[in-house]
Amino acid sequence: MSVPNRTVSTEDMQEEWLEIQAAQREPARFRPLYNRYYDPIFRFVFRRTADESLTADICSQVFLKAMQRLPKYEFKGVPFSAWLYRIASNEVAQHFRNSQKNRVVSIEEKDFSDMMDEVNEPQNELSREQLLQALDQLKEADLQLIELRFFEQRPFKEIADIVGITESNAKVKTYRILERLKKKLTQ
Amino acid sequence: MGNNYNIQFNPEEPSKESIQKHMDFDALLQRFEAEQPPKSKARVRQLYLWGGAIAAAVAAILIVIGIGQSPASSVDEAAYFQAQAFVNPPLEQIKPTFASYSVNTNQGGVYEYETGSRLVVPAEAFMDDYGKLIEGEVAIHYREMHDYVDFFLSGIPMSYDSAGVRYNLESAGMVEIFAEQNGQRVRMAPGKSIDVELVATINVPNLNIPPKYNIYKLDTEARNWEYQDIDRIQLLDETVLEESDPLYEAKQTYLSTLAQIEQRIEEALGTQEMTAEPEAPRAPQAYDKNYPTLELDFLESVLQGNQQALLQLKEQYGDVIWQIAPSSPAYDERAFEVVWQSASLEPLQNDEFKLTLMHEDTQVPLHVRPVLMGAEYEQAMALHQDQLAAYEKELAAWNARLAEQRTALEATMQAERKAAKETYDAAIASINNQTADARFQRKIVNRFQAKSFGIWNCDRPIAPDYQEVEATFSDNTGKAFNQKTGYLVDKKKNTIFRFLATDGATVPFDANSENMLWVVTDDNQIAIYKPEAFKRINQKKGSHNFELQRIDRKVEDEQDIREMLEF
C-alpha cells in the first residue's frame with residue numbers, strides 16, 4: 001500500500017486489516033503501519049504544537065500507545081488512520097493539559113481568508129481580528145471540527161472517522177459552529 | 001494571540017526528510033517490549049491479601065498464593081512460560097473434541113450438549129472480520145472442560161496475573177466456543193451474546209447455598225484471564241455420592257436424614273389442618289334476558305334416578321331459574337322442541353353446569369347456570385355481602401393460624417437439620433481420614449453470557465493452606481528432570497497448578513489433602529509422583545527429591561491419561 005488518500009476505499013481498509021491482524025499476533029509486524037502513518041501523524045501533531053522536537057516525542061508516545069492497544073483494536077469499517085489520529089489528538093490534549101500552555105492552532109493565510117468568506121466577513125483587519133477572537137472562544141471540540149475542515153482541508157468523511165461521529169453529524173455540527181461564528185461576528 | 005489557543009499563521013512544516021529522521025521503529029519496538037507488564041510474580045513464596053477492584057469483584061478478601069520457584073529461579077519460570085504458547089497442550093497427539101451445531105443465522109436456536117448444558121444463540125449473531133453480518137448457516141463448535149485431566153490436556157493456564165500478582169483459579173466448569181462459516185472463523189456481532197447454561201458437578205460446603213464463582217474470559221493476547229461477570233449458579237436437585245468416597249456412609253446417612261426431615265415438612269404442610277382453607281361464598285347470578293331459560297322442573301327431569309344429586313342441588317339452589325349460560329357452546333334453538341331421551345349434568349367452574357341432552361344418535365352439549373330475577377336477586381345479593389364479610393374474617397384468621405403453624409414447623413425442622421449436621425460432623429471426625437473431603441458434590445448450572453468467542457471459565461481464586469519444600473526432580477532411574485513443566489493437583493481443589501519443575505523449585509502443597517504431581521517426559525510419557533508418596537515427604541527437612549515413576553505406557557487418547565492420573 002502507498003501513502004493513504006484522505007478517504008480510504010473499502011478494499012484498502014480490508015487489505016490493511018490483514019496487516020493489523022498480523023501486528024496483533026506479532027508486534028514486530030507493526031512496522032509497515034508505522035512506516036505508512038508516521039509522516040501524516042507527525043504533520044497532524046506538528047500543526048498542533050509547532051515544535052518539531054516536541055512533535056517527535058508525542059509521536060513516539062502515540063505509536064507506543066497504538067501498539068499497546070492494538071490487541072484490542074477491532075475493525076469497524078473505519079480507516080486505521082482515524083484511530084491513530086484520535087490517539088494523537090488525545091496525546092496532544094494531554095500534553096497541553098499537563099504543561100498548562102495553550103495548544104497551537106496552525107492556519108495558512110489562504111485558508112483563513114477562505115474562512116472569512118465562508119462567514120461573510122469583509123477582508124479587512126478588523127474583521128480578521130474579530131474572527132480570530134471568535135475562534136479563540138470556541139470549545140476544543142468545536143475548534144477541532146473547524147480546524148480539520150477549513151485549516152486542514154479534510155473531507156467530512158475523514159473528519160467523522162477521526163472524531164468518531166457520522167458524516168452527516170460532522171456536517172451538521174460544522175455548519176452550526178459556522179452559524180454561531182457568523183452570529184457572533186454580526187453582534 | 002488568544003486567551004485559549006496559540007493561533008499561528010503559516011508555520012513552516014518540517015520537510016519529509018526531516019520527519020523521517022525522527023522515525024525509529026526498532027527503538028519503539030524495544031520500548032514496547034520493555035513496557036510490557038510482567039507475566040508472573042517475581043517473588044512467589046508469599047501470602048497476599050487481595051484487595052481493591054478484584055476483591056470487589058469476588059466480594060471477599062482472599063488469600064492468594066504464588067507457586068513455583070525460589071526468588072533466584074522465579075524469573076526463569078516467567079521466562080520459561082513466556083517463551084511458550086500461552087495455551088500449550090502438553091500432548092499433541094490428543095486433540096480436543098468439539099461438538100458442532102449448525103445454526104441458521106436468521107433464526108438462532110437452542111442447542112444441548114451431551115452433559116445437559118445448553119447454548120442459546122440469538123438470530124443475526126455473527127459477523128465477518130469486516131463487520132458485515134453473516135447470513136446462512138454457521139457452525140458453532142463447543143467443548144467443556146470440567147476436571148484436572150481436562151485442564152491438563154487443554155494446556156490452558158489456570159492462574160492469572162493481576163497487578164503483577166499471580167492467583168490460582170478453581171473452576172466450576174470451563175468452555176471453549178467458536179464459530180465458522182465455510183471453514184472461516186466468524187465473530188460475534190456487537191451487542192449479541194450466546195447464553196450459556198453450563199451443567200457441572202462441584203463441591204459445595206453447604207448443601208443448599210450456591211457457592212460464589214465469577215466468570216472470566218481468557219485473553220490470549222494479554223496472556224491473562226479477564227474478569228467478566230458474576231457466575232449465576234443454580235443448584236440442581238441432584239447430589240452426587242460416590243461409593244469410593246471414604247465418607248460415603250456418613251454422607252449417605254446425613255442426606256437420608258435431611259430427606260426425612262423434608263418429607264416430614266411436606267407431610268405436615270399437606271395435612272387437613274394446614275390446608276383446609278375456608279371456601280369463599282358464591283355470588284348469586286342475575287337473570288340475563290338475552291339467553292333462554294329452562295323449564296322449572298328441569299332438575300327433576302335431568303336427574304331422575306339420581307335422587308342424591310337432585311336433593312343436593314335443590315338444597316343449594318332452591319327454586320331458582322335455570323338459564324343457558326353466555327359461555328355455552330353454540331346450539332340450534334330447535335333443540336328445545338325435541339323430546340330428549342335423557343340428559344346429564346356435570347358441574348363446571350363459576351356456578352355453571354354442563355348439560356348434555358341425549359337422543360339415540362345425537363348429543364347436544366350446553367352450559368347452564370342458576371339465576372335470580374328482580375327482588376329475589378337483590379335479597380340474595382344482600383345475603384351474599386354478609387357471607388362475604390364473614391368469609392374474609394375467617395380467611396384472615398386461617399392465614400394467621402397457618403403462618404404460626406408454619407413458623408413453628410420450620411423452627412422444629414431447622415433444629416432437626418442442625419442436629420443432623422452435628423451428627424454428620426461428629427461422624428466424619430471419628431472417621432480419622434484427614435484427607436477425605438467433607439463437602440458434598442452437587443450438580444449445578446452456571447449461567448453466563450458469552451459476548452465473544454473463546455475460552456470462558458466459571459471460577460474463583462482459591463485460598464489453600466499449604467506447606468512447601470524446595471524440590472529436585474528425578475525419575476526412578478535417578479535421571480534428573482530439569483526445565484520441564486510440572487503439574488500439581490490437589491484433590492480438594494478443581495484446578496491444576498502448572499510450574500517450572502527444575503532444581504531449586506519450591507513445591508507448595510496441602511499435606512491434609514491428596515496431591516499428585518507429574519511431568520510429561522521427552523518421549524511423551526507421563527512420570528508421576530503419587531499421593532501416597534506425598535504423605536512420606538518430611539516437610540521439616542525443607543527439601544525433597546521428587547522421584548517420579550515413569551509410566552511405561554504409550555499415551556494415545558484421553559482415556560489413557562485418565563487411567564494414569566486417576567486418584
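The values are calculated or read from the model by the stated rules, or taken from the named source; none is laboratory data. Quick caveat, the model's predicted, so the values are computed rather than measured. Cβ atoms come from the backbone with ideal geometry, glycine included; neighbour counts cover every protein chain shown.
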Q: Select from the range B:549-566 the residues that are without any contact (Cβ under 8 Å) to a residue 12 or more places away in the chain and surrounded by 16 or more Cβ atoms within 10 Å (Cβ to Cβ) and list them in ascending order.
A: B:Asp560
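Among the residues of the range A:78-94, are any farther than 30 Å from B:Asp26 by Cβ and either more than 19 Å from the chain's Cα centre (by Cα) or in a helix (DSSP H, G or I) (or both)?
Within the range A:78-94, none of the residues are farther than 30 Å from B:Asp26 by Cβ and either more than 19 Å from the chain's Cα centre (by Cα) or in a helix (DSSP H, G or I) (or both).
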Q) B:Met158: of a type outside the set (D, E, K, R), closer than 23 Å to B:Tyr227 by Cβ and touching a His at 6+ places or on another chain (Cβ under 9 Å), yes or no? A) no
Q. When you go through (1) modelled with pLDDT of 85 or more; (2) charged (D, E, K, R); (3) buried (at least 16 other Cβ atoms within 10 Å of the Cβ) one by one for B:Glu77, which number turns out not to apply?
A. (1)
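For the range B:335-372, give me each residue that is assigned to a strand (DSSP E or B) and within 21 Å of B:Tyr287 (Cβ to Cβ).
Passing the criteria: B:Leu345, B:Pro347, B:Phe353, B:Lys354, B:Leu355, B:Leu366, B:His367, B:Val368, B:Arg369, B:Pro370, B:Val371, B:Leu372.
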Q | Residue check for A:Ser89: modelled with pLDDT of 90 or more and among the polar types (S, T, N, Q) | A | yes
Q) Which members of the range B:461-500 meet the condition of being over 19 Å from B:Gly542 (Cα atoms) and among the acidic types (Asp, Glu)? A) B:Asp475, B:Asp490
Q | Residue that is farthest from the other protein chains (Cβ to nearest Cβ), among those in the range B:209-260 that are in a helix (DSSP H, G or I), aliphatic (A, V, I, L, M) and surrounded by fewer than 17 Cβ atoms within 10 Å (Cβ to Cβ) | A | B:Ala259
Q.
Can you confirm whether A:Val45 is more than 9 Å from chain B (Cβ to nearest Cβ), touching a residue at least 40 places away in the same chain (Cβ under 8 Å) and under 23 Å from B:Leu29 (Cα atoms)?
A. yes
Q: Please indicate, with yes or no, whether at least one residue in the range B:278-292 is within 19 Å of B:Asn350 (Cα to Cα) and either of a type in the set (Lys, Arg) or modelled with pLDDT under 70 (or both).
A: yes
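Per-residue answers, yes or no, for (1) surrounded by 12 or more Cβ atoms within 10 Å (Cβ to Cβ); (2) modelled with pLDDT under 90; (3) within 14 Å of chain A (Cβ to nearest Cβ):
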{"position": "B:Ser15", "(1), (2), (3)": "no, no, yes"}
{"position": "B:Gln20", "(1), (2), (3)": "yes, no, yes"}
{"position": "B:Ala42", "(1), (2), (3)": "yes, yes, no"}
{"position": "B:Ala72", "(1), (2), (3)": "no, yes, no"}
**Q.** Pairs where the first residue, in the range B:365-385, is on the phi > 0 side of the Ramachandran plot and loosely packed, with under 14 Cβ neighbours inside 10 Å and the second is in a helix (DSSP H, G or I) and basic (Lys, Arg), C-beta under 7 Å, 6+ apart
**A.** none
Q: Would you check which residues across the range B:214-247 are hydroxyl-bearing (Ser, Thr, Tyr) and either free of Cβ contacts under 8 Å to residues at least 24 places away in the same chain or over 20 Å from B:Ala438 (Cα atoms) (or both) and list them?
A: B:Tyr216, B:Thr220, B:Tyr227, B:Ser244
Q: Give the residues of the range B:86-143 that are of a type in the set (Gly, Ala, Ser), touching a residue at least 60 places away in the same chain (Cβ under 8 Å) and loosely packed, with under 15 Cβ neighbours inside 10 Å, sorted by residue number.
A: B:Gly116
Q) Among the candidates B:Arg439, B:Arg447, B:Arg460, which residue alone is buried (at least 20 other Cβ atoms within 10 Å of the Cβ) and not small (Gly, Ala, Ser)? A) B:Arg460
Q. Does A:Pro27 satisfy the criteria of being more than 8 Å from chain B (Cβ to nearest Cβ) and either among the aromatic types (Phe, Trp, Tyr) or out of contact with any His (no Cβ under 6 Å at 6 or more places or on another chain) (or both)?
A. no
(Q) Would you confirm whether or not the range A:72-79 contains a residue that is away from chain B (no Cβ under 11 Å) and either on the phi < 0 side of the Ramachandran plot or out of contact with any Gly (no Cβ under 9 Å at 6 or more places or on another chain) (or both)? (A) yes
Q | Residue satisfying all of: in the range B:179-205; over 24 Å from B:Thr115 (Cα atoms) and part of a loop (DSSP other than H, G, I, E, B); nearest to the chain's Cα centre (by Cα) among these | A | B:Lys192
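Counting just the residues of the range A:8-19 that are part of a helix (DSSP H, G or I) and more than 10 Å from chain B (Cβ to nearest Cβ), which one comes out nearest to B:Thr220 (Cα to Cα)?
The residue in question is A:Glu19.
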Q | Selection status of B:Ala389, aliphatic (A, V, I, L, M), at negative phi and exposed (fewer than 12 other Cβ atoms within 10 Å of the Cβ) | A | yes
Q: Inspect all residues belonging to the range B:403-426 and state whether any of them is at pLDDT below 85, surrounded by 14 or more Cβ atoms within 10 Å (Cβ to Cβ), among the hydrophobic types (A, V, I, L, M, F, W, C) and not in a loop (DSSP other than H, G, I, E, B).
A: no
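Can B:Glu33 be described as at pLDDT 90 or above, part of a helix (DSSP H, G or I) and within 14 Å of chain A (Cβ to nearest Cβ)?
Spelling it out, it is not the case that B:Glu33 is at pLDDT 90 or above, part of a helix (DSSP H, G or I) and within 14 Å of chain A (Cβ to nearest Cβ).
Every residue, every condition in (1) surrounded by fewer than 17 Cβ atoms within 10 Å (Cβ to Cβ); (2) under 21 Å from A:Gln153 (Cα atoms); (3) among the small types (Gly, Ala, Ser); (4) in contact (Cβ under 8 Å) with a residue 40 or more places away in the chain, yes or no:
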residue	(1), (2), (3), (4)
A:Ala28	yes, no, yes, no
A:Tyr34	no, no, no, no
A:Pro40	no, yes, no, yes
A:Cys59	no, no, no, no
A:Val62	no, no, no, no
A:Glu74	yes, no, no, no
A:Trp83	no, yes, no, no
A:Ser89	no, yes, yes, yes
A:Ser99	yes, no, yes, no
